[in-house]
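The values are calculated or read from the model by the stated rules, or taken from the named source; none is laboratory data. From a predicted model like this one, the values you see are computed outputs, not experimental measurements. Every residue, glycine as well, gets a Cβ built from its backbone with ideal geometry; the counts of neighbours run over all protein chains shown. Heavy atoms of the whole protein, side chains included, go into the accessibility calculation; ligands, DNA and RNA do not. Shrake-Rupley method; radii C 1.70, N 1.55, O 1.52, S 1.80 Å.
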Amino acid sequence: MNISDENRTLSAAGRLVVGVDSSTQSCKVVAVDLETGAQVSAGSASHPDGTSINPHLWTSALEEAWRAAGIAALGERVAGVAVAAQQHGMVGVNGDNEPVHDALLWNDVRSAEEAGRMVAELGAEAWVDAVNILPVASFTLTKLAWLARWQPDAAARLDTVGLPHDWLNLQLSGSWSTDRSDASGTAYFDPVANTYRVELLEKFFGAVPSLPQVLAPNESAGQLLPRWGSSAAVVGAGMGDNAGAALGLELAPGEVAVSIGTSGTVFTISETAVRDVSGQLAGFADATGRHLPLLATINAARVMAAGAAMLNVDLAEFDRLALAAAPDAGGLTLLPYLDGERTPNLPDATGSMLGLTRANMTPNNMARASVLAVLNSLADALDSLGSFGVPVERVLLIGGGAKSRALREAAATVFGVPVDVPEQREYVALGAARQAAWAATGELPVWGRRIEESFIPDGAWGSLVRGRYVAARKAIYGR
Ligand SMILES: Nc1ncnc2c1ncn2[C@@H]1O[C@H](COP(=O)(O)OP(=O)(O)O)[C@@H](O)[C@H]1O
Ligand SMILES: O=C(CO)[C@@H](O)[C@H](O)COP(=O)(O)O
C-alpha cells in the first residue's frame, strides 16, 4: 500500500518519519507525518518461522516492507528513520560483519541449561544487582554461553555481538549501535548505571566481543545510507520492541500495556528500577531514560492460532466459537505452554488441558479455553507489578491477538482491571517513528492516541478461571 491521494495533501508540506518493527513473525514499516503522527504509508513482509534465523533474512524482509511502503519515493521528505525489533536475539558476526551462526531468538530455549547454571553460580541477588534481570534462555548472554560450549569454532570467530535492531541499524547507517532499552535485555548491561558488565561476558562467554555503542534515547546513529533513501535522513538509536510500543502508545505511569503478539508481554513505565529477584518481572530500561518492568511469555497469539488450527477453523470462526461459549469455558483450563515457557521459567514444559468432561468437551469451550489461557498467563504480572508498588490503573491492550473480540471482551474481567483498546495501529513501529522524529528535530513529538473500546471487569467468573489456572499450574508444575 503506497501513499494515497487523500493523504498526499495531508502531509505534502509536512516532513515524514519512518518507523520499523522487526518482530518475530514479520517486519512492519510505517511512514508518518512528523508533526501529527498520521500514517502516510505502510508495508510489511513475513519472517520465516523458527527460533533461529540468518540475520540477512531480516534485512531482506526490511527491504520488501520498505518497498511496499514506498519509502524511496518519499525522498527528502523523510527526516528520520528508527528501528524497533524483537529483543534478546544473539547476532554474532565475524570481522566482516558476517554471521558466525544463525541468530538464536528470544523464544529459543536451547540455552536453558546454561541459564540455570549461570543463576546457580552467581545467585539471583547478584544477577539483579548487576543487570536487574535473572538469566533465562531468552536472554543474549545465555545464548553466547551456549555457543561457547556447543559451537566453539563459531564462538572463536565471533568478533562483534549485537541484537536484532542493532543489526538493522548497521544495515541502515553502516555502523553498529544500540540503545539502553534493548541492551537491558542482554544480561550483560546494567540499566541503572547504564554500563555494560563485560566481566559477565568474560566469565560466561570466555571473551569480551566488540559491543554496539549504547546511544542516548534521542541520539542519532548516523545518516541513512543511499541504498535506502535520502542521506539527509538521520537514523535513530532504535529500541527493543516493547520499549517501542510504550513510546508509540505514549504510555504513562499507571497505564500498563498488555501486548498479545508472538510473545505475550505486560509492561509499564517506572521512574525507578523494579528489582524482582524471583525473575518474574524483568527490570528492563525504556526508550526515554526511565525503566520498563516487564513480564514476557513465549505463548500468546499463537495459542489462539494453534487452537483454531486444531479445530480446523480460521481465526474469525475461532473467535465466534469462543464468544458463544460459557464465560468459564465450561470448566476447561488450558496451560498454554505449547513451545515451552519463559515465565514461569519452564523451558521444557508442554501444554495441558484440564477439567475435561464428556459434557464440556466442545469446540466452543476449546476455543474459549485457549483465549482464557493467554489472559491467565499474563494476569500474574499485574499482581506482581502491584506488589512492587507500581501503580496499575488501567490496561492498554495491543498486538495482533488483541484483534480477537473474545479476548478483548474477557480481558478486563480476567485481569480485574479496566481495559482500553487503542485503535489498531502498529504501536511498536509508531514508537520507532516517534524516536526518529526526536533524533531529527531534538523534540519528542506528542501525537496522542485514540481509544477504540473500553471494558471494565464484569463478573466473578474472572477470579474463578484465574483460580483454576493457578491450581492447574501448581498441580502440574508445583508453582
Ligand atoms: N483476529 C485475530 N484473532 C486472534 N489472533 C490474531 C488475529 N489477527 C491476528 N492474530 C495473531 O496476531 C499475531 C501477530 O501479531 P503481532 O503483534 O504482529 O505479532 P509480532 O509482533 O510478534 O510479530 C499472529 O500470531 C496472528 O495469529
Ligand atoms: O522477549 C521479548 C521481550 O522480553 C519479546 O517481546 C520479544 O521482543 C518478541 O516480541 P514480539 O515478536 O512478540 O513482538
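Details
- The one condition from (1) within 16 Å of ligand 1 (Cβ to nearest atom); (2) within 22 Å of Asn194 (Cβ to Cβ); (3) of a type in the set (S, T, N, Q) that Thr262 does not meet is (2).
- Residue pairs whose Cβ atoms lie under 7 Å apart, separated by 6 or more positions or on different chains, with the first residue in region 334-345 and over 14 Å from Val374 (Cβ atoms) and assigned to a strand (DSSP E or B) and the second of a type in the set (Gly, Ala, Ser) and more than 12 Å from ligand 2 (Cβ to nearest atom), are Gly340/Ala349.
- The residues listed here are Thr362, Thr441, Thr413, Thr357; of these, the one that is of a type in the set (S, T, N, Q), over 26 Å from Arg468 (Cα atoms) and more than 20 Å from the chain's Cα centre (by Cα) is Thr441.
Let's see how each residue does on (1) of a type in the set (D, E, K, R); (2) surrounded by 21 or more Cβ atoms within 10 Å (Cβ to Cβ); (3) within 20 Å of Tyr337 (Cβ to Cβ):
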residue: Asn360; (1), (2), (3): no, no, no
residue: Pro363; (1), (2), (3): no, no, no
residue: Arg368; (1), (2), (3): yes, yes, yes
residue: Leu375; (1), (2), (3): no, yes, yes
residue: Gly389; (1), (2), (3): no, no, no
residue: Glu393; (1), (2), (3): yes, no, no
residue: Ile398; (1), (2), (3): no, yes, no
residue: Gly401; (1), (2), (3): no, yes, yes
residue: Arg405; (1), (2), (3): yes, no, no
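- Of the residues examined, Ala137 is not one that is assigned to a helix (DSSP H, G or I) and among the small types (Gly, Ala, Ser).
- Unmet requirement for Gly116, which otherwise passes all of (1) open to solvent by 10 Å² or more (accessible area, probe 1.4 Å); (2) touching a residue at least 24 places away in the same chain (Cβ under 8 Å): (2)
- Some residue of region 78-86 being open to solvent by 40 Å² or more (accessible area, probe 1.4 Å) and either within 17 Å of the chain's Cα centre (by Cα) or farther than 29 Å from Leu338 by Cα (or both): no
- Meets criteria (more than 19 Å from Leu382 (Cβ to Cβ) and away from ligand 2 (no atom under 13 Å from the Cβ)) for Glu250: yes
- Per-region count, region 48-60, residues within 16 Å of ligand 1 (Cβ to nearest atom) and buried (at least 20 other Cβ atoms within 10 Å of the Cβ): 2
- Residue match in region 150-163 (condition: of a type in the set (A, V, I, L, M, F, W, C), over 18 Å from the mean Cα position of the chain (by Cα), in a strand (DSSP E or B) and surrounded by 16 or more Cβ atoms within 10 Å (Cβ to Cβ)): yes
- Selection within region 356-393 - among the hydroxyl-bearing types (Ser, Thr, Tyr) and modelled with pLDDT under 95: Ser384, Ser387
- Search result, residues across region 205-227 that are hydrophobic (A, V, I, L, M, F, W, C), under 19 Å from Gly185 (Cβ atoms) and in contact with a helix residue (DSSP H, G or I) (Cβ under 8 Å, 6 or more places away or on another chain): Phe205, Val208, Leu211, Val214, Ala221
- Being more than 13 Å from the chain's Cα centre (by Cα) and either buried (at least 24 other Cβ atoms within 10 Å of the Cβ) or in a strand (DSSP E or B) (or both) is a property that holds for Val256.
- Region 260-290 - residue that is open to solvent by 20 Å² or more (accessible area, probe 1.4 Å) and of a type outside the set (Gly, Ala, Ser) and, of those, nearest to Ala412 (Cα to Cα): Gln280
- Residues (in contact with a Ser or Thr (Cβ under 6 Å, 6 or more places away or on another chain) and of a type in the set (A, V, I, L, M)) located in region 301-320: Val303, Met304
- Residue count for region 259-315 satisfying the condition of being within 9 Å of ligand 2 (Cβ to nearest atom) and either at positive phi or not in a strand (DSSP E or B) (or both): 6.
- Those strands (runs of 3 or more DSSP E) of region 168-233 in which 1 or more residues are open to solvent by 20 Å² or more (accessible area, probe 1.4 Å) and either hydrophobic (A, V, I, L, M, F, W, C) or out of contact with any strand residue (DSSP E or B) (no Cβ under 9 Å at 6 or more places or on another chain) (or both) occupy 213-215.
- One residue stands out in region 22-37 among those that are of a type outside the set (Lys, Arg) and open to solvent by 30 Å² or more (accessible area, probe 1.4 Å): the one that is farthest from ligand 2 (Cβ to nearest atom), namely Glu35.
- Residue check, Asn94 under 23 Å from Tyr196 (Cα atoms), modelled with pLDDT of 95 or more and touching a strand residue (DSSP E or B) at 6+ places or on another chain (Cβ under 8 Å): no
- For Leu105, the requirement of being surrounded by fewer than 23 Cβ atoms within 10 Å (Cβ to Cβ) and within 16 Å of ligand 1 (Cβ to nearest atom) is met.
- Test: residue in region 422-443 that is touching a residue at least 60 places away in the same chain (Cβ under 8 Å), open to solvent by 40 Å² or more (accessible area, probe 1.4 Å), among the hydroxyl-bearing types (Ser, Thr, Tyr) and out of contact with any His (no Cβ under 7 Å at 6 or more places or on another chain): yes
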